[in-house]
Amino acid sequence: MADIRYRVQAELENIDKIIRDMPVNTTLSSLSTLELAGVGALLNSFYNGLENIIKQIILSRKLPLPTGETWHKDLVEIACTESIISESTKDGFKEYLAFRHFFSHGYTFDLDPARIDPLVSKIESIYKAFKNDLELALGN
């Protein structure tokens, strides 16, 4: 179990850096396309970090990782079923999961500040809820 804690802590440190760099007190509509793309990359990295932690915990429990086209969504479902995250945290992930899909498959010049702003505004509360869930899941 010590190994999983070490890996989770390393991911949390990376996510902490993302949170520090997130422009939480900035009017996103004032940003250039390049700056907004940077915010999008941070949001994408934030969600990837959450998924990385969930995958590590699932693997440490010797459970199979989901595969196929819906594996990202399935991963969150498994995390909830396995009490890695709470139902409310799972609900909070939905917008970030949808954004991850858009960011991975769309064009950065199509990023809409009005759609990104709620993600930026809620990032700290989602992250706090996730970390609280992890404490319970890992028995801290």
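The values are calculated or read from the model by the stated rules, or taken from the named source; none is laboratory data. Everything numeric in this text was worked out from a predicted model, so none of it was measured. Please note: Cβ atoms are built from the backbone with ideal geometry, for glycine as well, and neighbour counts cover all protein chains shown.
Of the residues in the range 89-108, none is among the hydrophobic types (A, V, I, L, M, F, W, C), surrounded by 13 or more Cβ atoms within 10 Å (Cβ to Cβ) and more than 16 Å from the chain's Cα centre (by Cα). The set of residues in the range 25-40 being surrounded by 12 or more Cβ atoms within 10 Å (Cβ to Cβ) and over 13 Å from the mean Cα position of the chain (by Cα) consists of THR26, LEU28, LEU31, GLU35, LEU36, ALA37, GLY38, VAL39.
Looking only at the range 1-40, residues that are hydroxyl-bearing (Ser, Thr, Tyr) and not in a helix (DSSP H, G or I) come to 3 in all. Scanning the range 69-110 for residues that are part of a helix (DSSP H, G or I), β-branched (Val, Ile, Thr) and modelled with pLDDT of 95 or more gives VAL76, ILE78, THR81, THR89.
Given the criteria part of a helix (DSSP H, G or I) and surrounded by fewer than 12 Cβ atoms within 10 Å (Cβ to Cβ), does LEU43 qualify? It is false that LEU43 is part of a helix (DSSP H, G or I) and surrounded by fewer than 12 Cβ atoms within 10 Å (Cβ to Cβ).
Are there any pairs with C-beta distances below 9 angstrom linking a residue in the range 110-125 that is surrounded by 19 or more Cβ atoms within 10 Å (Cβ to Cβ) to a residue that is of a type in the set (Asp, Glu), with the two at least 6 apart or on different chains, and if so which? Pairs that qualify, where the first residue is surrounded by 19 or more Cβ atoms within 10 Å (Cβ to Cβ) and the partner is of a type in the set (Asp, Glu), are LEU119/GLU95. Of all residues in the range 75-89, those that are at negative phi have Cβ atoms under 6 Å from Cβ atoms of residues that are assigned to a loop (DSSP other than H, G, I, E, B) and crowded, with 19+ Cβ neighbours inside 10 Å, 6 or more apart or on another chain, in ALA79/ILE85.
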